[in-house]
Each structure stands twice: as C-alpha cells, then as structure tokens.
Amino acid sequence: MNYLYALLLVFTFSVSAFAQPDNGKKTVVIPRLKDPEIKANNIPAVAATPRFKPMEFSSSVLDNDKPLTFPKEGNKTVQIGEAPISKPEKFANPYEIPKNALPKPQGDDNTKVFRRNQSFGEFKTKANSIVIRCRDHMAVDGDIVKVYINNMVVAAHVELFEDYKVIQIGLTPGFNKLDFEALNQGTSGPNTALFVIFDDKGNLITSNQWDLATGFKGSVMIIKE
C-alpha cells in the first residue's frame, strides 16, 4: 500500500515538471493612430489679389545702344530735399583794398633797374597803429622780405604768396620809417610785392608796389600827429 502511494507521488511530480507554463516574454502590439484628416473646406482660401504690388524694373542702362552721358565738370545736380545752394552773404571789410588804389604792375626785365632803394613818400595819420597787407603781385616764386620800423625788425621772415600777409605795427609820435628789405629774388626775380597800409580804423593811408633786387629796400614814412 505504501508502495502504491509512493508511486503515485512520483507520477504527480513528473507530470507537474512537464506541465510548467512558458516563461517567455510576450510582445505588446500598440495600434497605430490614424493621421488627422484635413478637409478641403478647412483650408484657408488664398487672397485673390496680392497684398503688395510686384516691383517693376526698367531695363538696364547697359542694354541701351546709346552711349552714357555724364554732367560736365563743375555742374552739380540738386537732389530732392536738398537745400538750394546760395552764395554766402558778403559783409563789409574795413581793410578791403579799393581797386583804384592798386598800381599797375611793371614788366621791366632789366635787372639793373631794380638795384636801387625805393621811396614811397610821407603820410600823416592820427592812428595809434597801422595794418600792412602785402602779397606777391607777380608770379609766386618764393619772394621773402624783412620788415623794419625805425631800423627795428618787426618781421624777420615774410614769405609772399598770392594771398595777403597781414602785419600790424604800433606807431610812436613823430616819424615812423617803414622799410621792406628784399632777402631774395625768388626763382624769377626781382623781389616783387604789392603792399597796402591802413590805419587802425580801416582807412587807407597808401598803397604801392616794389620791385627790388636782393639786399635793397622800399621805404614809407608815416608821421603820427
């Protein structure tokens, strides 16, 4: 009897060993979502006319057979919105040189004529100072002068150009002798200059010109009353 029970027990364990469930992992399948359908009625309608007008381009100037033309030099085109060009207002200059006060230039090429001192006369004034304006009245070639008053140097090196150089000198009571000494003759001698002298109120005292060889002087006597 015990033998029968033991046999039955062994048979039961054998059957359970062969009847164990499968331990493999199972695959879970997720269904695919469908893409949302777009209906034709939901699509926004395109505007019949564009929002901005298309740009129109003209043909290139290089496509034309005509040669290009440019404005002549010196002509300026005023752009839209640009202020018109106006001449600056001219103010009165107390030291402006009158045209009738300028002597006519001399064109003597004989250098012996210039080897002498020149005197331009005596002039009276009540001014406390004078203003001398001088420039090269011929070709600008590097003429240089030295300016004295009563044998005292007031300007040791004055190079003359086309524009006027200005020298202001105080006066003492009595005689005031001005000397302009030619330090050179430039590249096309002689030393040439046009000078104009004003008082301290802008009144013209005298004007003249010198043509000097190197080392010679032009003189003006100013008498302060």
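The values are calculated or read from the model by the stated rules, or taken from the named source; none is laboratory data. Note that the structure is predicted; figures quoted are calculated from it, not measured. Backbone-built Cβ (ideal geometry, glycine too); neighbour counts: all protein chains shown. Note: areas computed on protein heavy atoms with side chains; ligands, DNA, RNA excluded. Shrake-Rupley method; radii C 1.70, N 1.55, O 1.52, S 1.80 Å.
Of the conditions (1) open to solvent by 60 Å² or more (accessible area, probe 1.4 Å); (2) free of Cβ contacts under 8 Å to residues at least 60 places away in the same chain; (3) over 36 Å from the mean Cα position of the chain (by Cα), Asn128 clears all except one; give me its number.
(2)
Taking the residues in segment 137-152 that are crowded, with 17+ Cβ neighbours inside 10 Å and of a type in the set (A, V, I, L, M) as candidates, determine which candidate is farthest from Ile223 (Cα to Cα).
Once the filter is applied, the top-ranked residue is Val140.
Looking at segment 153-163, is at least one residue open to solvent by 50 Å² or more (accessible area, probe 1.4 Å) and more than 37 Å from the chain's Cα centre (by Cα)?
yes
Filtering segment 186-197 down to residues that are over 35 Å from the mean Cα position of the chain (by Cα) and crowded, with 22+ Cβ neighbours inside 10 Å, which residue is farthest from Gly121 (Cα to Cα)?
Filtering first and then ranking leaves Pro190.
State whether one or more residues within segment 132-142 are at pLDDT 90 or above and over 20 Å from Ala213 (Cα atoms).
Yes, segment 132-142 has at least one match.
When you go through (1) aliphatic (A, V, I, L, M); (2) touching a Phe, Trp or Tyr at 6+ places or on another chain (Cβ under 8 Å); (3) within 23 Å of Phe114 (Cα to Cα) one by one for Leu160, which number turns out not to apply?
(2)
With the requirement that a residue be closer than 28 Å to Val113 by Cα and surrounded by 14 or more Cβ atoms within 10 Å (Cβ to Cβ), what does segment 198-216 give you?
Scanning segment 198-216 gives Ile205, Thr206, Ser207, Asn208, Gln209, Trp210, Asp211, Leu212, Ala213, Thr214, Phe216.
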